[in-house]
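Participant: So that we are looking at the same thing, I have put the structure below in structure tokens.
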Amino acid sequence: MFVTLHPFNSADCGRLTASAQKTLNMGSFHLGRLASEGAGKYGDKTALSYRDSARNKWLGISWTELSARVDALANAMLCVLEVAVQDKVAIFSQNMVETIVIDLACQKIRAVAVPLYATSSAEQVAYIVNDAGCKVMFVGEQYQYDQAMKVLRESDVLKRIVTISKNIKVADDDSSVTIGDLVGKSLSSRQLGEEEMKALVEARVSALNDDDLATLIYTSGTSGEPKGVMITHSNYAHQMKVHSQVMPNVDETQTSMMFLPSSHIFERAWDYFVLSRGGMIYVNTNPKEITSAIAETHPNMMCAVPRFWEKVYAGVNEKIEKFHFPVKSLMLHAIKVGKRRNLDYKRLGKSVPSLLEMKYKFYSATLFKLVKKKIGLDKATFLPCAGSALSDQVNEFLQSLGFPIVVGYGLTETTATVACYQQFKDYELSSVGKLMPELEVKIGENDEILIKGGLIAKGYYNKPEINAETFKDGWFHTGDAGKFENGLLYITERIKDLFKTSNGKYIAPQQIENLLNADKYIDQTAVIGNDRKFVTALIVPDFVALREYAETNNISFNSNEELVENEKIKKLFEERLVEIQTELASYEQVKRFTLLAKPFTSDSGELTLTLKLKRKVINQNYAKQIEFMYSY
């Protein structure tokens, strides 16, 4: 099947705001000019906000200040670190204001930013540093510095480490420099004056090239070694253009919470888009503090993966279950009203009956508002969700409560978004929405989704053989199976994850895992069954909910290990699985399971850094438990 998306027509999504029209008319986009152009347009308006723990408050950085910081660091990188055109600069840190400055400074002098996950091990860092050829690395905190030093001592490539946090204890040598000292370092030994430095930077700026690499993002590698995806400035420019067309209401009036790591293309591309539109970004440094960060700031927008919304779903439902009968009954009725209004009418572009609309407005202003305010998303206008499949059950619930969830689909190789719910209508819950403008999609062999367009990256760095297999005749082979129906794209499974039972039945494990993970007592699931008679699962309980259940039901335990071995707990999960799997075909249903006392983690090698299951590693690590499930 072949589908071509033609150039966008503004009539397709109604009237464009004046800000959106301005963006469409503003000419070429380049990350190297983002800070300076933003300063020219928005001046003293806040561009970034961060939490100052010492003052216990959020502080802002204006566009003017952001541009000045970018300029100062660009000068230092060029004149002190001697970063050459298209040199690779590693950024190994959690999200920080400084990492945004570093990234934009790289773009200004035509260097290539190489973001690394803040939790990466020294071994993972070494692979990327050596593969990309990073001579310079910026590090955020002590952990990143310690891993970087291990790499520096062994690598023939890495030469300098620049520290961001003032609290890092550094080695007693000349390999490290603070970012403050780097910017303030005297250049008298190079006999360069301020004007000469400015001229060097301006020479780079004047030569900014759309075909330059902007970012080298390493995929986390569910199988095999990581691959560096080469994303150009033209890829980002393409995405900024089409997102402006599809999402015109993302403008300078909006605020966005930076939650996912910027080493994830979803967050990275989204933040570029928000900044390109003049929006303000709250930079959340610690992912574990996201709940309090949202509650303090009440952002309009935030990227999140399904797991976040599964937790919200479980938490809200748990609260509802604890309500006394009158309140519980009222809340369940309100959700039914929300479902009818938002899914049966608004989603389909139908006129909402006046009585239904009146009921919905009442519940929206009372019960639903209380739920959203408790989370901190009462001002939310746009909540993109991608990274894996969001279950229909969770999606329906959130849409019913009026959360502006926008499900989408994209990959690092497509510079993020390929398709998404657009204008909050004309979508199906099980789909990933409509294709973005100006791209082509073809359904190939084994139902594989193939994509062509300006969003497709140049390929994988130093991987010519894999490039030949993956980027064929201008088409990017996604590795995802899907279908295209009634203008909507559906993802059925990651092709490499599909397996077949010994009875010849094909199983899509992700679909089953997503279904099970929506349960409030389940945190993680790994479905097993390749060449087996039936499907089984390794299940990591949500121990917060499970401990509460055990205490309520007088089940004694001293550890998670004792908890998962308790027969009453096993009985609970047996009953939950029967209830959860009623809509699955018999051959898809999990027949036996093992409860695990410890979660799958990236440290154990069982998850990628983007929290995807490494099935081969899990099968190896739990071989004994798996064999036992098939032994009786």
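Participant: Accessible area per residue of the chain at 1.4 Å probe, in Å²?
Facilitator: Values: 28420 Å² over 632 residues.
About 45 Å² of surface per residue is accessible.
Participant: Charges on Cβ only, +1 for Lys and Arg, -1 for Asp and Glu, centred on the Cα centroid of the stretch 348-439; of Leu356, Gln423, Ile405, which one is farthest towards the dipole's positive end?
Facilitator: Leu356
Participant: Name the residue from Phe573, Ala269, Leu377 whose Cα lies farthest towards the positive end of the charge dipole of the chain, charges +1 on Cβ of Lys and Arg and -1 on Cβ of Asp and Glu.
Facilitator: Toward the positive end, the furthest listed residue is Leu377.
Participant: (i) 64.1; (ii) 30.7; (iii) 29.2: which one is mean projected area of the Cα convex hull in nm² as calculated from this entry?
Facilitator: Structure-derived value, by its label: (ii).
Participant: Using the alpha-carbon atoms, what tilt in degrees (0 to 90, nearest 10) does helix 233-246 show relative to the longest principal axis of the chain?
Facilitator: For helix 233-246, the angle is close to 50 degrees.
Participant: Another one. Return, for the Cα atoms of the stretch 394-434, the radius of gyration and Dmax in Å, separated by a comma.
Facilitator: Spelled out, the Cα radius of gyration and Dmax of the stretch 394-434 are 10.9, 34 Å.
Participant: Tell me the Kirkwood radius of the stretch 505-562: reciprocal of the mean inverse pair distance over distinct alpha-carbon atoms, in Å.
Facilitator: 12.9
Participant: Over every pair of different alpha-carbon atoms in the stretch 524-614, take the mean of 1/r and invert it; report that Kirkwood radius in Å.
Facilitator: Taking every pair of different Cα atoms in the stretch 524-614, averaging 1/r and inverting gives 14.5 Å.
Participant: If one takes the longest principal axis of the Cα atoms in the chain, at what angle in degrees, from 0 to 90 and to the nearest 10, does the Cα axis of helix 325-339 lie?
Facilitator: Orientation of helix 325-339: about 60 degrees from the principal axis.
Participant: Tell me, what is the Rg over Rh of the stretch 22-148, with Rh the Kirkwood radius over Cα pairs?
Facilitator: 1.01
Participant: Quick one: net charge around Arg532, please, counting Lys, Arg +1 and Asp, Glu -1 for every other residue with C-beta under 12 Å from its C-beta. Kindly include the intermediate steps, with their values, before the conclusion.
Facilitator: Working: positive: Lys500, Lys505, Lys533, Lys591, Arg592; negative: Asp531, Glu627.
Spelling it out: positives minus negatives among the neighbours equals +3.
Participant: In whole angstrom, note down how far apart the Cα centers of the stretch 555-632 and the stretch 334-399 are.
Facilitator: When both Cα centres are located, 33 Å separates them.
Participant: Turning to a different aspect of this structure: Please identify every one of the trypsin sites (Lys or Arg not before Pro) in the stretch 44-111 that sits in a loop by DSSP and has no more than 16 other beta carbons within 10 Å of its own beta carbon. Write down the numbers at each step before the final one.
Facilitator: On the way: sites: Lys45, Arg51, Arg55, Lys57, Arg69, Lys88, Lys108, Arg110; in loops: Lys45, Arg55, Arg110.
Answer by residue number: Lys45, Arg55.
Participant: Also, quick follow-up: Treating only the Cα positions of the stretch 442-524 as identical point scatterers, give the base-10 log of I(q)/I(0) from the Debye formula at each q in 0.17 Å⁻¹.
Facilitator: -0.86
Participant: Could you work out what % of the accessible surface of the stretch 22-174 is carbon and sulfur, using a 1.4 angstrom probe and leaving DNA, RNA and ligands out of the count?
Facilitator: 46
Participant: Also: Which number comes out as Rg/Rh for the stretch 476-632 once both Rg and the Kirkwood Rh are worked out on C-alpha atoms?
Facilitator: Here the Rg-to-Rh quotient is 0.99.
The values are calculated or read from the model by the stated rules, or taken from the named source; none is laboratory data. Computed from a predicted structure; not experimentally measured. Cβ coordinates were reconstructed from backbone atoms using ideal geometry, including for glycine residues, and neighbour counts include every protein chain displayed. The protein model used for the area step is the full one, side chains on, heavy atoms only, and it has no ligands, DNA or RNA in it. Shrake-Rupley method; radii C 1.70, N 1.55, O 1.52, S 1.80 Å.
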